[in-house]
1. Would you point out the residue of segment 244-266, among those that are surrounded by fewer than 20 Cβ atoms within 10 Å (Cβ to Cβ) and over 10 Å from the mean Cα position of the chain (by Cα), that is farthest from residue 222 (Cα to Cα)?
2. I'd like the full set of residues that are in a strand (DSSP E or B), within 28 Å of residue 299 (Cα to Cα) and within 47 Å of the chain's Cα centre (by Cα), limited to segment 333-379.
3. Would you pick out the residues in segment 295-321 that are among the charged types (D, E, K, R) and closer than 19 Å to residue 374 by Cα?
4. Here are some conditions: (1) modelled with pLDDT of 90 or more; (2) under 22 Å from residue 37 (Cα atoms); (3) not in a loop (DSSP other than H, G, I, E, B). Residue 136 meets all but one. Which one does it not meet?
5. I'd like the residue in segment 25-51 that is under 31 Å from the mean Cα position of the chain (by Cα) and of a type in the set (Val, Ile, Thr) and, out of all such residues, is farthest from residue 234 (Cα to Cα).
6. Here is a check on your reading of the model: is residue 336 basic (Lys, Arg) and farther than 30 Å from residue 209 by Cα?
Amino acid sequence: MFVPSIIASVVAYSVYSTVFGFHTLFATPATMATYAFDPERLPFWALLGIVCGAAGILFIFVFHRTDTWFRARRWAPGFRPAVGGALAGVLFLGTYFLLPEQGHFVSLSSLTIGYGFVQAALMGQIASGAYPVEVIAVLLAAILLRMAMTSFVVGSGGSAGLFGTSVVVGAFLGTAVGGVSHDLFPVLVPLGVIPVFTIVGMMSFFGGISKAPLGVLIMVVEMAGTYAILPAAMLSIFVAYVATGRAHMYTEQLPSRIQSPAHREEYRAYFLSEVPIGEIASHDSETVQGSTTVASALKLAIRHGHSNLSVEQDGRWIGGVRATDLVAVPEGERDRRPIAELVRPVDLVLPGDLSALEALRRLDQHGGDVAAVVVPGNAGRVIGLVTRRDLAPPTPSVDPSTSG
């Protein structure tokens, strides 16, 4: 699927950009062109990754809890998003009218896709030269409100996406961390570096909650227009990826490749090729001679609690007898009738060192569902029986909502 996806992406990018122009999503300040990587800032990028990871966990928790709550309501399909939109509207109006003037920024940045506010953060228009506690508090309040409103709208089934919210939340987080770092360490983090925190924050937050760090790493370069930002982005994005742990936003994602339907048969074939059927073969059996009477064999099966008996004749295994077949023999015949007459032969006999994959192939060729497994080099000593279900049990379906 990767090759056609790449080709489709190139075609889509070419068509779209031919119509709307070849330019970056956001305009960046002039200082971005002269930005140079400084290893002394590595702790700040790691801190940004930790902050984005912690905020990502909070967003994932709130969103999924809201989604679960709405799904549990037995409401009409159109009523749930109406309630979610109403709750989001209440939050918006309450923030806009109850908070001071700064509440207008908090509420309006959560109302639409919010890219205009991201652009303002990139151009340094949120604060003028310093980031006091009031500005940081406004940014954090905008983040929390954006998370809550998105959870209500999308979690209730409304038509909206999570990427736009992730960009806004990440940009505000990056601006806040960069602003605080500038106020505390103005020499290490000059004012012109804060837009870099904004861009890296966008991608660190989304990379952590989406579990797609490599994809957003490419987007960082496209947004910044320079490769100098790459080391900082690599550290922050992957720290956020690790910080979020197993939490992820998209429920369709599976915990590992082995649970992916696209790779399931590949892994199954590999495991079957590595496992000898001697380790799989088993049956509830006791080995007896073919001359043993039905009465003696029945007592042996009852005494040891076996449902099957393996039967040997002249030192060679010839098949098996079920306890139900022994019981079906009339009592008057049990003392004189040998169990060799009741043997159920197994046509396909396989050595125990044969791989499960090859055994499954031979079952397909033979057209059977069961095979006897014998000691390699000694066809007279049976290990047990294997069935098609033993070799290739049906794979349980994975519920994405409970994975991870």
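The values are calculated or read from the model by the stated rules, or taken from the named source; none is laboratory data. In this text the structure is predicted, and so the values were computed from the model without any measurement. Don't worry about glycine lacking a Cβ; one is built from the backbone with ideal geometry, like all the others, and counts go over all protein chains shown.
1. It comes out as 265.
2. The answer is 370, 371, 372, 373, 374, 375, 379.
3. Once the filter is applied, which keeps residues that are among the charged types (D, E, K, R) and closer than 19 Å to residue 374 by Cα, segment 295-321 yields 312, 314, 316.
4. (2)
5. Looking at the filtered set, the residue picked out is 51.
6. So residue 336 fits the description; yes.
Yes/no matrix, rows are residues, columns are (1) among the aliphatic types (A, V, I, L, M); (2) modelled with pLDDT of 85 or more:
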| site | (1), (2) |
| --- | --- |
| 310 | no, no |
| 342 | yes, yes |
| 356 | yes, yes |
| 364 | no, yes |
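Matching residues to (1) in contact with a His (Cβ under 9 Å, 6 or more places away or on another chain); (2) under 30 Å from residue 83 (Cβ atoms); (3) at pLDDT 90 or above:
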| position | (1), (2), (3) |
| --- | --- |
| 8 | no, no, yes |
| 12 | no, no, yes |
| 24 | no, no, no |
| 33 | no, no, no |
| 43 | no, no, yes |
| 54 | no, yes, yes |
| 59 | no, yes, yes |
| 68 | no, yes, yes |
